[in-house]
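Visitor: Here's a structure for you.
The values are calculated or read from the model by the stated rules, or taken from the named source; none is laboratory data. Here the structure is a predicted model, which means the values were calculated and not measured. Positions of Cβ are backbone-derived with ideal geometry, glycine not excepted, and every protein chain shown enters the neighbour counts.
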Amino acid sequence: MTLMVVGGGGREHAIIKKLKENREAEKIYALPGNGGIAADAECVPINAKDIEAVADFAVSHGVDYAVVAPDDPLVLGAVDLLESRGIPCFGPVSAAAAIEGSKVFAKNLMKKYGIPTAAFETFDDMDSALAYLKTAPVPTVVKADGLALGKGVIIAATRDEAEAAVRYMMADHAFGKSGDRIVIEEYLEGPEVSVLAFTDGKCIKPMVSSMDHKRALDGDLGPNTGGMGTVAPNPYYTDEAARRCMDEIFLPTVAAMNAEGRTFKGCLYFGLMITKDGPKVIEYNCRFGDPETQVVLPLMRSDLLTVMRAVTEGRLAETPVEFYGGSACCVVMASSGYPKKYDKGFPIDVPADVLPYVFFAGAAAGKDSLVTSGGRVLGVVDVAPTLAGAVSGAYAKAGRISFANAYYRKDIGRRALLASRNAAASPACSGPVTGSARECGSGREV
Ligand code: AMP
Ligand code: GLY
């Protein structure tokens with residue numbers, strides 16, 4: 001089979017490496033991929049957002065199956081277009097991708113169908129938003145409606161900060177049109193959990209849970225980033241939390257999308273907060289998370305291509321989705337200065353025995369070696385029977401990779417390790433990596 005993966009970051013590298021485990025995957029194109037992905041796929045310099053060019057390429061190169069990984073092309077309708085040209089795809093159609101593409105849509109969906117989330121108000125004019133803030137409780141959270149590269153969320157500790165956030169989005173247009181409508185919502189507290197789940201609209205099968213580390217600096221300080229590291233499973237996602245999420249969030253979400261005529265097929269990402277009143281949805285994404293995918297897929301025992309095609313063909317219920325029982329840790333190595341200003345173009349040195357553990361993101365082909373080309377340069381991942389083993393393995397490998405201006409957090413997994421030491425219940429999917437595989441809170445039909 002000829003496969004095409006749309007996107008070019010660490011997440012896409014992880015997807016491509018996992019797809020390659022299937023011997024049917026004879027040829028994989030990455031659009032655009034990156035210099036590091038080039039070792040595993042043929043990279044084609046087509047922008048993922050140029051969905052017409054993506055579809056033309058797929059048709060002219062005999063692509064049998066496509067995986068559209070990033071949010072932008074999904075929201076723009078890449079899957080609708082590819083399917084209309086006869087190419088089966090993994091990923092939701094545009095109407096279903098709205099669950100990420102519009103926060104207002106997602107919040108209204110949750111309200112209509114009783115899915116637990118932070119209380120909220122939506123605004124499309126600035127004066128009403130500012131008037132509302134005069135009496136709103138603080139801290140509060142201001143969110144741009146549309147896609148904003150993960151930066152469209154501002155946690156405001158005071159009313160002044162909240163007002164400034166509203167002006168930043170609605171008057172300064174900091175996120176362009178994405179900020180023309182905003183959501184102002186209740187500030188929730190509790191540990192965060194990411195759960196990615198396969199769904200074909202009839203059945204949902206969650207993958208192993210994970211924990212992102214979004215802030216730039218150790219101790220969860222500094223600005224928000226695309227994600228500085230991940231661990232899986234997430235110790236806060238106990239069997240009890242998993243059961244409640246399935247009943248109160250996952251199944252109702254899939255059913256709600258069906259009822260709205262927006263059946264979701266693909267990977268649905270639940271950004272959850274485990275509050276004292278139970279799990280609540282912080283955000284939905286219409287795709288695999290980055291860098292969650294880099295820890296989730298290495299723990300997946302089942303064949304990814306088989307599961308993806310089952311989703312596309314509506315056969316997920318009869319297709320096993322199994323994970324190993326161990327843990328994984330991904331340490332993101334970034335260019336110093338990210339997520340703000342940083343220099344690039346520096347040679348990246350990865351020893352040959354570490355290379356299999358690396359997923360490249362901001363890496364380009366240089367004269368003699370790969371060179372840094374982005375903020376997040378690569379993720380280095382280790383898998384071990386215990387979380388402590390995975391964390392120390394990932395850091396040992398990161399210590400052997402070098403490039404000028406490299407920066408990485410030194411505390412990825414620390415909170416998870418503390419939590420798992422204190423946990424009364426074991427996290428869902430725990431157990432030795434070589435032990436019998438299990439499904440993560442087995443799939444359920446809607
Ligand atoms: P998002 O881009 O929606 O994932 O938001 C980015 C981050 O902001 C989340 O990972 C949370 O840490 C935080 N956040 C978003 N919404 C809330 C909320 N209602 N209460 C507290 N923190 C939030
Ligand atoms: N890691 C968060 C995201 O993929 O949106």
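Visitor: Just to be sure I understand the filter: pairs with C-beta atoms under 6 Å, separated by 6 or more residues or on different chains, first member in the range 7-18 and within 17 Å of residue 49 (Cα to Cα) and touching a residue at least 12 places away in the same chain (Cβ under 8 Å), second member in a helix (DSSP H, G or I) and within 14 Å of ligand 2 (Cβ to nearest atom). Which pairs pass?
Guide: 11/293
Visitor: Further, regarding this structure: Taking the options 338, 284, name whichever one is under 24 Å from residue 89 (Cβ atoms), touching a strand residue (DSSP E or B) at 6+ places or on another chain (Cβ under 7 Å) and of a type in the set (Ser, Thr, Tyr). Spell out how you get there, then give the answer.
Guide: Working: 338 fails: under 24 Å from residue 89 (Cβ atoms).
Within the list 338, 284, the selection yields 284.
Visitor: Quick test for you: out of 338, 324, pick the one residue that is surrounded by fewer than 23 Cβ atoms within 10 Å (Cβ to Cβ) and out of contact with any Leu (no Cβ under 9 Å at 6 or more places or on another chain).
Guide: Values: 324 fails: out of contact with any Leu (no Cβ under 9 Å at 6 or more places or on another chain).
Unique residue meeting the criteria: 338.
Visitor: Which of (1) among the small types (Gly, Ala, Ser); (2) in a helix (DSSP H, G or I); (3) closer than 24 Å to residue 274 by Cα does residue 194 not meet, given it meets every other one?
Guide: That leaves (2) as the condition not met.
Visitor: What's the number of the only condition in (1) of a type in the set (Asp, Glu); (2) buried (at least 23 other Cβ atoms within 10 Å of the Cβ); (3) over 26 Å from residue 229 (Cβ atoms) that residue 50 fails to meet?
Guide: Condition not satisfied by residue 50: (2).
Visitor: Report yes if some residue within the range 314-323 is within 16 Å of ligand 1 (Cβ to nearest atom), in contact with a helix residue (DSSP H, G or I) (Cβ under 6 Å, 6 or more places away or on another chain) and assigned to a loop (DSSP other than H, G, I, E, B); otherwise report no. So that I can check it myself, show each step before the final result.
Guide: Filtering the range 314-323 down to residues within 16 Å of ligand 1 (Cβ to nearest atom) leaves none.
Within the range 314-323, not a single residue is within 16 Å of ligand 1 (Cβ to nearest atom), in contact with a helix residue (DSSP H, G or I) (Cβ under 6 Å, 6 or more places away or on another chain) and assigned to a loop (DSSP other than H, G, I, E, B).
Visitor: Is there any pair with a first residue in the range 185-202 that is polar (S, T, N, Q) and a second that is surrounded by fewer than 21 Cβ atoms within 10 Å (Cβ to Cβ) and outside any loop (DSSP other than H, G, I, E, B) whose Cβ atoms are under 9 Å apart and which are 6 or more apart or on different chains, and what are they?
Guide: Filtered contacts from the range 185-202: 194/271.
Visitor: Same structure, new question: Inside the range 273-292, can you point out the residues that are more than 10 Å from ligand 1 (Cβ to nearest atom), within 20 Å of residue 255 (Cβ to Cβ) and part of a strand (DSSP E or B)?
Guide: 278, 279 - these are the residues of the range 273-292 that are more than 10 Å from ligand 1 (Cβ to nearest atom), within 20 Å of residue 255 (Cβ to Cβ) and part of a strand (DSSP E or B).
Visitor: Just a yes or no: is a residue in the range 260-273 surrounded by 18 or more Cβ atoms within 10 Å (Cβ to Cβ), hydrophobic (A, V, I, L, M, F, W, C) and farther than 18 Å from residue 311 by Cβ?
Guide: Checked against the condition, which is being surrounded by 18 or more Cβ atoms within 10 Å (Cβ to Cβ), hydrophobic (A, V, I, L, M, F, W, C) and farther than 18 Å from residue 311 by Cβ, the range 260-273 yields at least one hit.
Visitor: Right, here's the next one. Please enumerate the residues belonging to the range 84-95 that are surrounded by fewer than 24 Cβ atoms within 10 Å (Cβ to Cβ) and either hydrophobic (A, V, I, L, M, F, W, C) or in contact with a Cys (Cβ under 6 Å, 6 or more places away or on another chain) (or both).
Guide: Filtering the range 84-95 for residues surrounded by fewer than 24 Cβ atoms within 10 Å (Cβ to Cβ) gives 84-88, 93-95.
Selection gives 87, 93, 95.
Visitor: Suppose we filter 157, 164 for residues that are farther than 27 Å from residue 78 by Cβ, free of Cβ contacts under 8 Å to residues at least 60 places away in the same chain and away from ligand 1 (no atom under 14 Å from the Cβ); which single one remains? Show your work before the answer.
Guide: Numbers: 157 fails: away from ligand 1 (no atom under 14 Å from the Cβ).
On inspection, the qualifying residue turns out to be 164.
Visitor: Okay, next question. So for the range 171-187 (the condition being within 16 Å of ligand 1 (Cβ to nearest atom), in a helix (DSSP H, G or I), over 22 Å from residue 277 (Cβ atoms) and at pLDDT 90 or above), does at least one residue qualify? Show your work before the answer.
Guide: To start, the set of residues in the range 171-187 that are within 16 Å of ligand 1 (Cβ to nearest atom) comprises 174-175, 178-179, 181-187.
Still in the list and also in a helix (DSSP H, G or I): 178-179.
From the residues that got through so far, the ones that are over 22 Å from residue 277 (Cβ atoms) too are 178-179.
Retained after the next criterion (residues that are at pLDDT 90 or above): none.
Within the range 171-187, none of the residues are within 16 Å of ligand 1 (Cβ to nearest atom), in a helix (DSSP H, G or I), over 22 Å from residue 277 (Cβ atoms) and at pLDDT 90 or above.
Visitor: Six or more apart or on different chains, Cβ under 7 Å: which pairs go from a residue in the range 119-147 that's more than 21 Å from residue 174 (Cα to Cα) to one that's assigned to a loop (DSSP other than H, G, I, E, B)? Could you list them?
Guide: Every condition considered, the pairs that remain are 138/157; 138/158; 139/157; 139/187.
Visitor: Considering each of 308, 257, 246, 300 in turn, give the residue that is closer than 26 Å to residue 422 by Cβ and at pLDDT 95 or above.
Guide: Values: 308 fails: closer than 26 Å to residue 422 by Cβ; 257 fails: closer than 26 Å to residue 422 by Cβ; 300 fails: closer than 26 Å to residue 422 by Cβ.
The conditions single out 246.
Visitor: Looking only at the range 216-233, filter to residues that are part of a loop (DSSP other than H, G, I, E, B) and among the small types (Gly, Ala, Ser); which one of those is farthest from residue 388 (Cα to Cα)? Let's see the steps before the verdict.
Guide: Restricting attention to the range 216-233, the residues satisfying the condition of being part of a loop (DSSP other than H, G, I, E, B) are 218-220, 225-228, 233.
When the remaining residues are screened for being among the small types (Gly, Ala, Ser), the result is 219, 226-227.
On the way: 219: 18, 226: 24, 227: 20 Å.
In this case the residue turns out to be 226.
Visitor: Something else now. Taking the range 85-95 only, how many residues are in a helix (DSSP H, G or I) and either touching a residue at least 24 places away in the same chain (Cβ under 8 Å) or among the acidic types (Asp, Glu) (or both)? Steps first, please.
Guide: Just the residues of the range 85-95 that are in a helix (DSSP H, G or I), to begin with: 94-95.
Filter once more, keeping what is either touching a residue at least 24 places away in the same chain (Cβ under 8 Å) or among the acidic types (Asp, Glu) (or both): 95.
Of the residues in that region, 1 qualify.
Visitor: Further question: Any residue at all in the range 243-257 that is part of a strand (DSSP E or B), more than 12 Å from ligand 1 (Cβ to nearest atom), over 12 Å from residue 194 (Cβ atoms) and in contact (Cβ under 8 Å) with a residue 12 or more places away in the chain? Full working, then the answer.
Guide: Residues of the range 243-257 that are part of a strand (DSSP E or B), as a first pass: none.
No: the range 243-257 contains no residue that is part of a strand (DSSP E or B), more than 12 Å from ligand 1 (Cβ to nearest atom), over 12 Å from residue 194 (Cβ atoms) and in contact (Cβ under 8 Å) with a residue 12 or more places away in the chain.
Visitor: Something else now. Taking only pairs six or more apart or across chains, which ones have beta-carbon atoms under 8 Å, a first residue in the range 23-41 that is within 15 Å of residue 64 (Cβ to Cβ), and a second residue that is acidic (Asp, Glu) and assigned to a loop (DSSP other than H, G, I, E, B)?
Guide: 28/40
Visitor: Still on this structure: Check off (1) touching an Asp or Glu at 6+ places or on another chain (Cβ under 7 Å); (2) surrounded by fewer than 20 Cβ atoms within 10 Å (Cβ to Cβ) for residue 277 and give me the number that stays unchecked.
Guide: (1)
Visitor: Continuing with this model, one more query. List, please: which pairs have Cβ atoms under 8 Å, are six or more places apart or on different chains, and start with a residue in the range 50-68 that is of a type in the set (Phe, Trp, Tyr) and end with one that is in a loop (DSSP other than H, G, I, E, B)?
Guide: 57/44; 57/46; 57/63; 65/1; 65/87; 65/88
Visitor: Moving on to the next point. Among the candidates 400, 376, 309, 315, single out the residue that is charged (D, E, K, R) and surrounded by fewer than 15 Cβ atoms within 10 Å (Cβ to Cβ). I'd like the intermediate steps shown before the answer.
Guide: Working: 376 fails: surrounded by fewer than 15 Cβ atoms within 10 Å (Cβ to Cβ); 309 fails: surrounded by fewer than 15 Cβ atoms within 10 Å (Cβ to Cβ); 315 fails: surrounded by fewer than 15 Cβ atoms within 10 Å (Cβ to Cβ).
Only one candidate qualifies: 400.
Visitor: Next up: Looking only at the range 211-237, filter to residues that are surrounded by 19 or more Cβ atoms within 10 Å (Cβ to Cβ) and polar (S, T, N, Q); which one of those is modelled with the lowest pLDDT?
Guide: 225
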